[in-house]
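Read-outs throughout are calculated quantities, based only on the coordinates presented, and are distinct from any laboratory measurement. On a predicted model such as this, the values are computed, not experimentally measured, just so you know. Don't worry about glycine lacking a Cβ; one is built from the backbone with ideal geometry, like all the others, and counts go over all protein chains shown.
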């Protein structure tokens, strides 16, 4: 790497390295979702009902949504998925409309399947749209195609939306003081939940030695920590340590937290995600506590400390001597993607992707989700470490959508949610970087 680039960030160095290396070898080659086994008590009863094209449930295909989950009928078959994936942040972490996005036919924990289901589509109650999420050249399953090719499904006659608003949270005036968490009583509190509405719950926020330690450690961040443990696990134990994990309602991966407690040393450690960026607050000693296995998995599946918080940073033009400049943007609140770059090579447009940890596969599919309009880019590994990836853009809608859309675009890897990228300044940057290889 030339001396004049030594002061740029690692991600921008990556973009420059790919562009400067010459990529003719590639020129000829082309989470957070919530798994649900039923819908009882999940806050989605407002979408319950029977739906079919034209609202005629005497014909197929049709779908029934109730507290037991979903039942699909088509081509003389009946399918009730054992679980579906509720894509809480599919339309953006700040989205607060009525559309519910689901993956009704997931293949595995990391593959959400080939069908996307939009309930109350386009903010219209009682309307469902099914979209196919197929790789280039992929063929749909005939049963799935009955729904993705069925047009809009509407609520059938005589099938009323069964939803009722959720019960209001008890007023603070009726709150019951829980058991203060002390250094010497944590073992007896294992299995209990933090909270203030039951005398059997644990008080870790207001009274007791643990609450005092947290207030000292977090200061003004105590309120955010409290919010981000709203949906919380029971107190658990790993060796001599005790811990909690949780998130703000429907904000897992973006607004969440963990707490580690060491009663022997009377120390606490907090991991706090805000807008998808992790900040670790270690004990006053400065030495981080070893985290429990469950928290290790949480860390592996969540955005790291190095990530850019939502809504991300604007697109940038990165100059490269002797060739066209590169369009560069950081990924925001992504567990794995650090940065993305678009550039011209051999008269064709390409995309480069930098990961913050190695991926073992030889190929993957990177998806740009523009409010439900998906652009799938097959990518190949570009280095032995599995952190640099490249894919061709010819024949895709990616550049036109980046030129036309505003706000943010959701990112996915092999169907898994991977945060967002800002669209701020994208049109201006692309006009300055891609005119030689794509029509703008």
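Using only the Cα atoms of segment 330-440, build the gyration tensor, take square roots of its eigenvalues as a ≥ b ≥ c, and label the shape rounded, prolate or oblate: rounded if a/c is under 1.5, else prolate if a/b is larger than b/c, else oblate. Oblate, because a/c is 1.5 or more while a/b does not exceed b/c.
Beta-bridge orientation, the chain: approximately 95 percent antiparallel, per DSSP, counting only bridges with both partners inside. Fewest neighbouring Cβ atoms within 10 Å first, the residues 338, 305 line up as 305, 338.
Summarising the label geometry, the points placed 7 Å from Cα in the beta-carbon direction at residue 190 and residue 157 lie 6.1 nm from one another. Against the empirical 2.2 N^0.38 Å (N residues), the chain has a Cα radius of gyration ratio of 1.09. Distance between the modelled labels on residue 320 and residue 206, one decimal in nanometres: 5.9 nm (7 Å Cα→Cβ projection). With a simple spin-label model that places each label point 7 Å from the Cα along the Cα-to-Cβ direction, the separation between residue 313 and residue 227 comes to 2.5 nm. The simple Förster model, with R0 at 60 Å and r as the Cβ-Cβ distance, assigns residue 440 and residue 265 a FRET efficiency of 0.50. Multiplying the residue separation of residue 296 and residue 68 by 0.36 nm and removing their Cα-Cα distance gives an extension gain of 78.8 nm.
Secondary-structure-derived ellipticity at 222 nm for the chain, considering helices only, amounts to -4000 deg cm²/dmol, per-run term -39500 (n - 2.57) for DSSP H runs with n ≥ 4. Stretched out straight at 0.36 nm per residue, the stretch from residue 98 to residue 404 would grow longer than its current Cα-Cα span by 107.7 nm. A rounded overall shape is assigned to segment 34-155, the ratio a/c of its alpha-carbon gyration tensor axes (a ≥ b ≥ c) being less than 1.5. To the nearest 0.05, how large is the calculated FRET efficiency for residue 139 and residue 58 if R₀ is 30 Å and r is the Cβ-Cβ distance? Given R0 = 30 Å and the Cβ-Cβ separation, E is 0.50.
For the pair residue 83 and residue 287, the difference between a 0.36 nm per residue extended length and the Cα-Cα distance amounts to 69.3 nm. Where a ≥ b ≥ c are the square roots of the eigenvalues of the C-alpha gyration tensor, would you call segment 173-301 rounded, which needs a/c under 1.5, or, failing that, prolate if a/b is larger than b/c, or oblate? Rounded, because the longest to shortest axis ratio a/c is under 1.5.
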